[in-house]
1. Select from region 87-115 the residues that are over 28 Å from residue 48 (Cα atoms), modelled with pLDDT under 90 and charged (D, E, K, R) and list them in ascending order.
2. Counting only residues that are within 21 Å of residue 31 (Cβ to Cβ) and either surrounded by fewer than 22 Cβ atoms within 10 Å (Cβ to Cβ) or of a type in the set (S, T, N, Q) (or both), how many does region 201-210 have?
3. Within region 115-131, take every residue that is touching a Leu at 6+ places or on another chain (Cβ under 7 Å) and of a type outside the set (A, V, I, L, M) and give me the one that is farthest from residue 96 (Cα to Cα).
4. Is it the case that residue 114 is more than 20 Å from residue 156 (Cα to Cα) and hydroxyl-bearing (Ser, Thr, Tyr)?
5. Step by step: first the residues of region 1-28, then only those that are of a type in the set (A, V, I, L, M, F, W, C) and at pLDDT below 90, then the one that is farthest from residue 222 (Cα to Cα). Which residue is that?
6. So which helices (runs of 4 or more DSSP H) stay within region 96-212 end to end and still have 3 or more residues that are of a type in the set (A, V, I, L, M)?
7. Give me the pairs: first residue in region 20-45 and touching a residue at least 60 places away in the same chain (Cβ under 8 Å) and assigned to a strand (DSSP E or B), second residue of a type in the set (Phe, Trp, Tyr) and buried (at least 18 other Cβ atoms within 10 Å of the Cβ), beta-carbon distance under 9 Å, and six or more apart or on different chains, which are they?
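The values are calculated or read from the model by the stated rules, or taken from the named source; none is laboratory data. Because the structure is a prediction, the values reported are computed rather than measured. When we count neighbours, we look across all protein chains shown, and the Cβ atoms used for this are built from the backbone with ideal geometry, even at glycine.
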Amino acid sequence: MKQTKQALEIKNLSISWDQLIVLNKLNLKLNEGEKLAIVGPSGSGKSTILKIVAGLILPTEGELKIFGETQKYLRLDQNNPPDVRLVFQNPALLGSLSIEENVGFLLERNKKLSKKLIHELVNECLEEVGLFNVGNKLPNELSGGMQKRVSFARALITDKNPDTINKPLLLFDEPTAGLDPIASSRIEDLINKTNKKANGSSIVVSHVLSTIERTSDKVVMLYGGKLRWSGSVDEFRKSTDPYVFQFRNGKLNGPMQPKDI
């Protein structure tokens, strides 16, 4: 029987700021090709999980494995970091660089790639997200929606070297927060397209129900620094678990109270 490969494994992971415990002994697994949504109220530690997985901060204790490799260092301290790509809630583009330079930033560090090849790869990714002839523009010359699509193109970029291609782990931090329903649908479609194109696994942090249901096949509920519930998207829609029910229906009465969040 073929063994399922894991993109992510978290064991008894905790992180605290001084006396504040943000995450408390989390255990979580994500198989290759799976799409996971992490849900919960604001301030429950969802984005902190993404930052730990992306190698931007270190946990206080516990173990983190990505593609089977234990992670002990920040991403910048690793010579060969795992292929983890984070799409921030805000596009997080470098304002002094052109769109082409933003999307091809990491490829520029690979001295083996020609300028011509990088240019072709960047344009291909920009076209995948519906952007044409914008490579020479600066971020402030694009609308907010176009900037967000640029951030998805940046998540798609790869040097296409068969020896280095992985099935990446894609992280999306509140990708549809503050958007109207039509704009949200466009971004959700783009998340699914990016997942399919990159042939990776993904984690979406969101509190928008349509985003949770349209971009994921598994859901975990985070509250008080602990995972309170997990299941499929269909189970999430139907669950009578008090945490899930309160979150899904926006109820004031339930185990999650304003004093806690």
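1. 108, 111, 112, 115
2. Of the residues in that region, 3 qualify.
3. Looking at the filtered set, the residue picked out is 128.
4. no
5. Among those that are of a type in the set (A, V, I, L, M, F, W, C) and at pLDDT below 90, it is 1.
6. Result: 115-128, 144-156, 181-198.
7. Close Cβ pairs (under 9 Å, with a partner that is of a type in the set (Phe, Trp, Tyr) and buried (at least 18 other Cβ atoms within 10 Å of the Cβ)) amount to 37/236; 39/236; 39/247.
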